[in-house]
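What follows is a single structure, written as structure tokens, with notes after it.
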Amino acid sequence: MMNTGLITRYTTALYSAPEACRPRYDEFRDMFSDGQLKSKIWLAEELSKLQDLSGKTVAIAGSWYATLAFILLEYSKNKNLNLVCIDIDKRCEEFARHLRKEHESEIVKCVTQDMFRHHYTEDIVINTSCEHLFNLNDWLNLIPSGVTVVLQSNNLAHPTHVSCVKSLDEFKSQTLTNFSAVLFEGELNLGVYTRYMIIGRKA
Ligand SMILES: C[S@@+](CC[C@H](N)C(=O)[O-])C[C@H]1O[C@@H](n2cnc3c(N)ncnc32)[C@H](O)[C@@H]1O
């Protein structure tokens, strides 16, 4: 169950953040859509069943406006996660300055960076934007062996979705050679579309 603090965190930031970095109306609508929130809560629940998140370092590639980072913080009992949110869109980093509470600036860092240029040293690497990448395997190859990797994709046709998949099997075939062990795989029916998730150990 999500706490309403997540929504007020974002609506409060809308008052102080400059217009140029604020999410547009359609982005805000999509970020807080039923499917997006259920997908991220699903990820947080399944990941925290597999690993104690406390004390872990986590990279979120293609993090958008960092909703997943704040949801993961809720799931980390001691709130001592270290999260780095990586997005190529500089509005996300700027807006995040208005989202974080003062004491959180070290816990949730947001950087403007191409995810293909990040040096992945974190314990857990997450990418829920796989449908936006032409070359998922090239990106997976940047992650060191042994790291826990969490991937989500979906079957929703959309102009910005360049590599949607039609099934969990198709998603697995995009990625599987890159895992030494699959810790979780599943699909979530969200009505309009289906979200697929794989959690694995990087080969
Ligand atoms: C629409 S959003 C997020 C959708 C995603 N399904 C989710 O659950 O959050 C996709 C994000 O990926 C980012 N992105 C796309 N390619 C990227 C890249 N090469 N490096 C970093 N961020 C990237 C975009 O800027 C955008 O913020």
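Here are the numbers for this structure:
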item	result
Subset of the stretch 13-37 that is open to solvent by 20 Å² or more (accessible area, probe 1.4 Å) and not in a helix (DSSP H, G or I) - its residue that is farthest from the ligand (Cβ to nearest atom)	PRO18
Residue check, SER145 in a strand (DSSP E or B), in contact with a strand residue (DSSP E or B) (Cβ under 7 Å, 6 or more places away or on another chain) and either away from the ligand (no atom under 16 Å from the Cβ) or under 20 Å from GLU46 (Cβ atoms) (or both)	no
Hits in the stretch 2-12 (condition: in a helix (DSSP H, G or I) and in contact with a Leu (Cβ under 9 Å, 6 or more places away or on another chain))	LEU6, ARG9, TYR10, THR12
Which listed residue is open to solvent by 10 Å² or more (accessible area, probe 1.4 Å) and in contact (Cβ under 8 Å) with a residue 60 or more places away in the chain, from THR128, THR160, THR148	THR128
Flag if GLU122 is in a loop (DSSP other than H, G, I, E, B), within 18 Å of LEU53 (Cα to Cα) and open to solvent by 60 Å² or more (accessible area, probe 1.4 Å)	no
Failed item, numbered, when THR177 is tested on (1) open to solvent by 70 Å² or more (accessible area, probe 1.4 Å); (2) within 19 Å of LEU37 (Cα to Cα); (3) not in a strand (DSSP E or B)	(2)
Some residue of the stretch 121-135 being within 12 Å of the ligand (Cβ to nearest atom), of a type in the set (S, T, N, Q) and in contact with a strand residue (DSSP E or B) (Cβ under 6 Å, 6 or more places away or on another chain)	yes
Inter-residue pairs, beta-carbon under 6 Å, first more than 13 Å from the ligand (Cβ to nearest atom) and in the stretch 94-116, second open to solvent by 60 Å² or more (accessible area, probe 1.4 Å) and of a type outside the set (Phe, Trp, Tyr), 6+ apart	HIS98/SER16
Residue in the stretch 163-203 that is farthest from GLY146 (Cα to Cα), counting only those that are free of Cβ contacts under 8 Å to residues at least 12 places away in the same chain and among the charged types (D, E, K, R)	LYS166
Count of residues meeting criterion [within 16 Å of the ligand (Cβ to nearest atom) and not in a loop (DSSP other than H, G, I, E, B)] in the stretch 39-72	19
Lone unmet requirement of (1) without any contact (Cβ under 8 Å) to a residue 60 or more places away in the chain; (2) farther than 21 Å from LEU6 by Cβ; (3) surrounded by 17 or more Cβ atoms within 10 Å (Cβ to Cβ) for TRP139	(1)
Members of the stretch 62-96 found to be in contact with a Cys (Cβ under 8 Å, 6 or more places away or on another chain) and open to solvent by 50 Å² or more (accessible area, probe 1.4 Å), listed by number	TRP64, LYS90, GLU93, GLU94
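The values are calculated or read from the model by the stated rules, or taken from the named source; none is laboratory data. The shown structure was predicted, so the numbers you read here are calculated from the model rather than taken from an experiment. With ideal geometry, Cβ positions are generated from the backbone for all residues, glycine too; neighbour counts draw on all protein chains shown. Ligands, DNA and RNA are excluded from the accessible area calculation, which covers all protein heavy atoms including side chains. Shrake-Rupley method; radii C 1.70, N 1.55, O 1.52, S 1.80 Å.
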